[in-house]
Amino acid sequence: MELQEKVSVPIFTEVDKDVFLRDIYPERSPAVLRGVCLGPCLEKWTVEYLGQRGRDKEVKIHVSTVPQMDFLHKNFAYKTLPFNEFVKRASEKKHSDFFLCDEESYYLRSLGEDVRKEPADLSKQFPDLAEDFHIPHFFEPDQFFSSVFRISSCGLQLWTHYDVMDNLLAQVTGMKRVALYSPQDALHLYLSGDKSEVVDIDSPDLKRFPEFVKAKRYECVLEPGDLLFIPALWFHNTLALQFGVGVNVFWRHLPADSYDRKDPYGNKDPAAATRALQALERALHTLDELPADYRDFYGRRMIQRIQQRTHCDTTTQHSTLPSSQFTKPG
């Protein structure tokens, strides 16, 4: 079987804001930042401590009979539990209390108070725990979008997807494997919206997804205290090697009006991209008025035109804007 090319995500130490903005951010590639101060959470956030501080606040969680969660086919159920009970169950491998089966997997992605309007914010949803976590100040305060609290059962694997904002994934406890794919490999990932249809990236069905092996896989294992910089549009897939707690911090790297204002999750395509995709759908419907051989001919011309206008070599066209300006993803 043809093997997918794998590349290790580079690891940087002694990174401060100046180093990040000068040496790492402009490259528009994933990077592990090791040794950045995240606060007392690294020592404090045990299962017992989390339960005591989070108390009986109700949280909405994903529960699945299998550890490989698939958002496209929804192989999980949404359930509600008190936070302290959720943490207890998520840290167990076998459960005496359960919803679906005694080996079910749990996943929390924190939500805003008004889930339809407000992004997640650790300081608002879990203020007692937020005191322990220090958000790295690698971006301007007015660029901040959300801080998402994440807790996973051991073995839990999340679907491959991209986000439209830059983010830092802080691994506070446990170890996590992260596989990433460049935006330039999007055509090899069999996309449905912002998600890949290839659920099992380690043993893919190459009869259904023959092009998947052409996508270069970047990979790292995050240890407690590590930060992973995930640039916007980079696809990522996470696998919890242990029960783990983390925080994602998202920020706007494009002007604020570039984003969908009704998007509390930060994963809707930028407004201009949405309009362009809608225009493409209208153009394709127009081509349907032509015979098949004409559709083929003019479809190829459209593809050529799109390639001429939009494709770029990001290995030579990195952004060099000053850190005070917004930068555009490669």
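Conditions tested, residue by residue: (1) among the basic types (Lys, Arg); (2) in a helix (DSSP H, G or I); (3) outside the structural domain of Pro40 (by the TED database); (4) modelled with pLDDT under 95.
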{"residue": "His73", "(1), (2), (3), (4)": "no, no, no, yes"}
{"residue": "Tyr78", "(1), (2), (3), (4)": "no, no, no, no"}
{"residue": "Val87", "(1), (2), (3), (4)": "no, yes, no, no"}
{"residue": "Arg116", "(1), (2), (3), (4)": "yes, no, no, yes"}
Any pair with Cβ under 8 angstrom, 6 or more apart, that starts in region 242-261 at a residue that is at pLDDT 90 or above and ends at one that is of a type in the set (S, T, N, Q) and open to solvent by 40 Å² or more (accessible area, probe 1.4 Å): Phe243/Ser91
Residues of region 159-188 classified as farther than 19 Å from Asp70 by Cα and not β-branched (Val, Ile, Thr), total: 14
Of all residues in region 85-139 being under 29 Å from Pro231 (Cβ atoms) and basic (Lys, Arg), the one that is least open to solvent (accessible area, probe 1.4 Å): Arg109
Criterion violated by Val199 - all others in (1) assigned to a loop (DSSP other than H, G, I, E, B); (2) open to solvent by 10 Å² or more (accessible area, probe 1.4 Å); (3) at pLDDT 95 or above satisfied: (3)
Complete set of residues in region 22-43 that are among the β-branched types (Val, Ile, Thr) and over 20 Å from Trp234 (Cα atoms): Val36
Residue match in region 122-131 (condition: of a type in the set (A, V, I, L, M) and more than 22 Å from Phe243 (Cα to Cα)): no
Failed item, numbered, when Glu43 is tested on (1) in contact with a His (Cβ under 7 Å, 6 or more places away or on another chain); (2) assigned to a helix (DSSP H, G or I): (1)
Thr286 vs. criteria exposed (fewer than 12 other Cβ atoms within 10 Å of the Cβ), modelled with pLDDT of 95 or more, of a type in the set (Val, Ile, Thr) and over 19 Å from the mean Cα position of the chain (by Cα): yes
Conditions (1) surrounded by fewer than 20 Cβ atoms within 10 Å (Cβ to Cβ); (2) assigned to a strand (DSSP E or B): number failed by Ala170: (1)
Test: residue in region 31-40 that is in contact with a Ser or Thr (Cβ under 7 Å, 6 or more places away or on another chain), crowded, with 18+ Cβ neighbours inside 10 Å and not in a helix (DSSP H, G or I): no
The one condition in (1) part of a loop (DSSP other than H, G, I, E, B); (2) within 16 Å of Arg150 (Cβ to Cβ); (3) β-branched (Val, Ile, Thr) that Ile61 fails to fulfil: (1)
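The values are calculated or read from the model by the stated rules, or taken from the named source; none is laboratory data. What you see is a predicted model; the values in this text were computed from it and never measured. With ideal geometry, Cβ positions are generated from the backbone for all residues, glycine too; neighbour counts draw on all protein chains shown. Remember, those area values only see protein heavy atoms, side chains included, never the ligands or the DNA or RNA. Shrake-Rupley method; radii C 1.70, N 1.55, O 1.52, S 1.80 Å.
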